[in-house]
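Enquirer: Quick one: structure below, then a few questions.
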Amino acid sequence: MSTNDLNRLWLTLIFSRDEKAVSTGTIFLDDGISLDTVSTKQYEHYTLTFENNSTIRAERLGNHTEKVNNARNLGAIIIADAADLKDYDYACWTNKTGGAALTLTVEFNTTLNTLNIYFNIPLYHMKSIHMGNSKSGKPNLCNIISPSPVSASATAPASEKMKKAPKLKDIWKKKVESFLGLEPT
């Protein structure tokens, strides 16, 4: 597989929370070919933080430029050791320019004990992802941001790819199981 092939793949991020239920990490993406990506600002650099068991925030770092034709998309977020999140049934994405929240697919994997959120969104435009249990009595931030969340598969630029999301679930499930050393189910 070439660097160009890898750059076209959707990213999967795995969050492992600390004792305070917080997880923070950085991502640095370049084209994998050029030696001067920092000086030419042809890179993406982010900090992502999962906190309050309900929000993932993305912050762009540095002075990089948007790679419009080559922007990396997130395809899935996996939250490890998530037994306390097993009843979560909604998630939505908000972008940096505002607008309606896009509804994301949420699934709890009882075998792996992970909360999995599937979508296809450009990392460059991500502001936050909100999630929770609609029956918990806590405010559903997805409804506050947008009284009627719009499905990501209906409005995202790559809507054809989104229609394939159920197949992606199976692919990522097998990859995670393999990574964890479990027999594929």
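The values are calculated or read from the model by the stated rules, or taken from the named source; none is laboratory data. Note that this is a predicted model, so its numbers are computed, not measured. Note that each Cβ is placed from the backbone with ideal geometry, even for glycine, and that neighbours are counted across all protein chains shown.
Quick grid of which residues meet (1) at pLDDT 90 or above; (2) among the hydrophobic types (A, V, I, L, M, F, W, C):
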residue: 30; (1), (2): no, no
residue: 34; (1), (2): no, no
residue: 38; (1), (2): no, yes
residue: 41; (1), (2): no, no
residue: 44; (1), (2): no, no
residue: 79; (1), (2): yes, yes
residue: 85; (1), (2): yes, yes
residue: 88; (1), (2): yes, no
residue: 102; (1), (2): no, yes
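Enquirer: Could you check, for the range 54-67, whether at least one of its residues is modelled with pLDDT of 90 or more and of a type in the set (S, T, N, Q)?
Expert: There is at least one residue in the range 54-67 that is modelled with pLDDT of 90 or more and of a type in the set (S, T, N, Q).
Enquirer: Check the range 124-141 and report whether any residue there is at pLDDT below 90, assigned to a strand (DSSP E or B), over 22 Å from residue 20 (Cα atoms) and out of contact with any helix residue (DSSP H, G or I) (no Cβ under 8 Å at 6 or more places or on another chain).
Expert: yes
Enquirer: Among the residues of the range 117-126, how many are touching a residue at least 60 places away in the same chain (Cβ under 8 Å) and either in contact with an Asp or Glu (Cβ under 9 Å, 6 or more places away or on another chain) or on the phi > 0 side of the Ramachandran plot (or both)?
Expert: 2
Enquirer: Report yes if residue 148 is more than 27 Å from residue 61 (Cβ to Cβ), modelled with pLDDT of 80 or more and in a loop (DSSP other than H, G, I, E, B), otherwise no.
Expert: The answer is no for residue 148.
Enquirer: Within the range 32-58, how many residues turn out to be touching a Lys or Arg at 6+ places or on another chain (Cβ under 8 Å), farther than 14 Å from residue 85 by Cβ and not hydrophobic (A, V, I, L, M, F, W, C)?
Expert: The qualifying residues number 6.
Enquirer: For the range 88-108, give me the residue count where each residue is farther than 14 Å from residue 126 by Cα, in contact (Cβ under 8 Å) with a residue 40 or more places away in the chain and part of a strand (DSSP E or B).
Expert: Residues that pass the stated criteria total 3.
Enquirer: Evaluate the following for residue 74: is it in a loop (DSSP other than H, G, I, E, B), modelled with pLDDT under 90 and hydrophobic (A, V, I, L, M, F, W, C)?
Expert: Spelling it out, it is not the case that residue 74 is in a loop (DSSP other than H, G, I, E, B), modelled with pLDDT under 90 and hydrophobic (A, V, I, L, M, F, W, C).
Enquirer: Quick check on residue 6: is it assigned to a loop (DSSP other than H, G, I, E, B), aliphatic (A, V, I, L, M) and either out of contact with any Ser or Thr (no Cβ under 9 Å at 6 or more places or on another chain) or under 26 Å from residue 128 (Cβ atoms) (or both)?
Expert: No: the conditions fail for residue 6.
Enquirer: Taking into account only those residues within the range 109-123 that are in contact with a helix residue (DSSP H, G or I) (Cβ under 8 Å, 6 or more places away or on another chain) and either within 23 Å of residue 45 (Cα to Cα) or outside any loop (DSSP other than H, G, I, E, B) (or both), which is modelled with the lowest pLDDT?
Expert: 121
Enquirer: Step by step: first the residues of the range 14-40, then only those that are surrounded by 12 or more Cβ atoms within 10 Å (Cβ to Cβ) and charged (D, E, K, R), then the one that is nearest to the chain's Cα centre (by Cα). Which residue is that?
Expert: Applying the filter and picking the extreme gives 17.
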